């Protein structure tokens, strides 16, 4: 069993996920790069290794049960446990998404990745996380999932356009995060959601104003919480985000 801290980041072959992996790797951790595309995953692993990170590839499609099970098996063989899981993989489903016109199939597809995928991977990894002395789960959410901000004045400016799939999927993810925290209360597992801010990635056509490295910082912070740290909360760089 490895003495290094072991982390898995889903959707880590590019963007914010890659920078989270890089940030955790800079701490001296061993980082699993979870991604479904073999070529992109291995390219990311090579780039991280070139930067001095102890990275290894984890084939992972978060929408597939067998893939999640196989990923857990690989990490068990590789390290014997998992200390930190960062559920970063997500999709938007494409825009526009006005609720009066959206195809219900788009909503199903987005929820399958952004919510059910998180549940699928988390549950597959829980037996390994329970072997850790300080297990942490970080769910990458978004401020667009904040009902308080969506319903407040200036909602268009602070939470983006009307969205019947992506924004509600993050609200759903926040609710699921809270349910995990309730169930896992009394254990060593701390689970929180976070918003990286409006980061320039291919998810938004690189329209964001923050760098992926800036967006990754909040996740790295939550991954390194002390044992008496918060759980069942929603954070951004400025502090706690209202539900």
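The values are calculated or read from the model by the stated rules, or taken from the named source; none is laboratory data. Please read all numbers here as calculations on a predicted model, not as lab measurements. Don't worry about glycine lacking a Cβ; one is built from the backbone with ideal geometry, like all the others, and counts go over all protein chains shown.
General remarks:
- Residue that is surrounded by the fewest Cβ atoms within 10 Å (Cβ to Cβ), among those in the stretch 226-243 that are under 17 Å from the mean Cα position of the chain (by Cα) and assigned to a loop (DSSP other than H, G, I, E, B): 237
- Positions within the stretch 1-18 being buried (at least 21 other Cβ atoms within 10 Å of the Cβ) and assigned to a loop (DSSP other than H, G, I, E, B), in sequence order: 5, 11, 12, 13
- Of all residues assigned to the stretch 148-160, none qualifies as being assigned to a loop (DSSP other than H, G, I, E, B), touching a residue at least 24 places away in the same chain (Cβ under 8 Å) and surrounded by fewer than 15 Cβ atoms within 10 Å (Cβ to Cβ).
- Residue match in the stretch 105-120 (condition: at pLDDT 95 or above, surrounded by 21 or more Cβ atoms within 10 Å (Cβ to Cβ) and touching a strand residue (DSSP E or B) at 6+ places or on another chain (Cβ under 6 Å)): yes
- Among the residues listed as 55, 44, 21, the single one being under 23 Å from residue 115 (Cβ atoms), modelled with pLDDT of 95 or more and surrounded by 21 or more Cβ atoms within 10 Å (Cβ to Cβ): 21
- The stretch 31-46: number of residues that are in contact with a helix residue (DSSP H, G or I) (Cβ under 8 Å, 6 or more places away or on another chain) and over 17 Å from residue 70 (Cβ atoms): 2
- Residues located in the stretch 82-91, provided they are crowded, with 21+ Cβ neighbours inside 10 Å and assigned to a loop (DSSP other than H, G, I, E, B): 82, 83, 88, 89, 90
- A single member of 54, 65, 103, 61 is without any contact (Cβ under 8 Å) to a residue 40 or more places away in the chain and touching a helix residue (DSSP H, G or I) at 6+ places or on another chain (Cβ under 7 Å), and it is 61.
- Members of the stretch 43-73 found to be touching a strand residue (DSSP E or B) at 6+ places or on another chain (Cβ under 6 Å) and outside any loop (DSSP other than H, G, I, E, B), listed by number: 44, 45, 48, 49, 54, 55, 56, 57, 58, 71
- For residue 139, the conditions (1) in contact with a helix residue (DSSP H, G or I) (Cβ under 8 Å, 6 or more places away or on another chain); (2) modelled with pLDDT of 95 or more; (3) part of a helix (DSSP H, G or I); (4) crowded, with 18+ Cβ neighbours inside 10 Å are fulfilled apart from (3).
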